[in-house]
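One structure is given below, encoded as structure tokens.
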Amino acid sequence: MGTFPDEYYVQQILEGNLQVYTVLIDRYKHMVFTLAKKMLKNKEDAEEVAQDAFLKAYKGLSNFKGESKFSTWLYRITYHRSLDYIKKNQRRLPTNDIPIEEVRSLAVVEEGLDALERKERRQQIKEAIEMLPGDDSVMLTLHYFQELSIKEIAQILDKTEGAIKVSLHRSRKRLAKVLEQKLNLIKTVRYAN
């Protein structure tokens, strides 16, 4: 049942076949939860926001015009529900201010990471992304792990494509700094042993 494009299921739901919404939930539940968790940094809060986002999408499905992909529309809802949750709970997300002038080239970081096992490298990158401020974490996750285009990210975050390109560039630099710090720590531990 889950082999048709999203538009097929959207049309089915609008025609009254409400049960097929479970196909879209199954298709995007991991994506929605991951985005919410990146923003909220808390599993329980992310689960609540993910449920809320799916409910809001379901109730607003008649407003979905198909100008973007369903997944982009759903991401946008999730992003805004996460922001609403943060505002409602007056939460301040943890941030690590990293001066951009201290950031070194990504190539230097990548050379050091090449020594690590592939699985370990991926885990180190995920941990480093978790250490970044919410917007950096979200943007890098959307672009590199969810493989969304600059245009799609701009639609989700209500920003221009130019602003997304600049933000992604800065986020990559911050990630490079965090990875460099982690790499230096790993080297220190290895040399100490």
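Things worth noting here:
- Cβ separations smaller than 6 Å between residues 6+ apart or across chains give the following pairs from region 128-150 residues that are touching a residue at least 60 places away in the same chain (Cβ under 8 Å) to residues that are of a type outside the set (D, E, K, R) and not in a helix (DSSP H, G or I): Gly134/Leu93; Leu142/Leu148.
Okay, residues lined up against (1) surrounded by 19 or more Cβ atoms within 10 Å (Cβ to Cβ); (2) modelled with pLDDT under 85:
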{"position": "Pro133", "(1), (2)": "no, yes"}
{"position": "Met139", "(1), (2)": "yes, no"}
{"position": "Gln146", "(1), (2)": "no, yes"}
{"position": "Lys151", "(1), (2)": "no, no"}
{"position": "Gln155", "(1), (2)": "yes, no"}
{"position": "Glu161", "(1), (2)": "no, no"}
{"position": "Arg170", "(1), (2)": "no, no"}
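- Residue selected from region 18-53 under the condition hydroxyl-bearing (Ser, Thr, Tyr) and out of contact with any Leu (no Cβ under 7 Å at 6 or more places or on another chain), by the criterion nearest to Ile86 (Cα to Cα): Thr34
- Total residues in region 1-56 satisfying the condition of being loosely packed, with under 12 Cβ neighbours inside 10 Å, at pLDDT 90 or above and touching a helix residue (DSSP H, G or I) at 6+ places or on another chain (Cβ under 8 Å): the figure is 1.
- Selection from region 57-72 of residues that are of a type in the set (Phe, Trp, Tyr) and either touching a Gly at 6+ places or on another chain (Cβ under 6 Å) or at pLDDT below 90 (or both): Phe64, Phe70
The values are calculated or read from the model by the stated rules, or taken from the named source; none is laboratory data. Predicted model, so just to flag it, every value in this text is computed and none were measured. Every residue, glycine among them, receives a Cβ derived from its backbone with ideal geometry; neighbour counts consider all protein chains shown.
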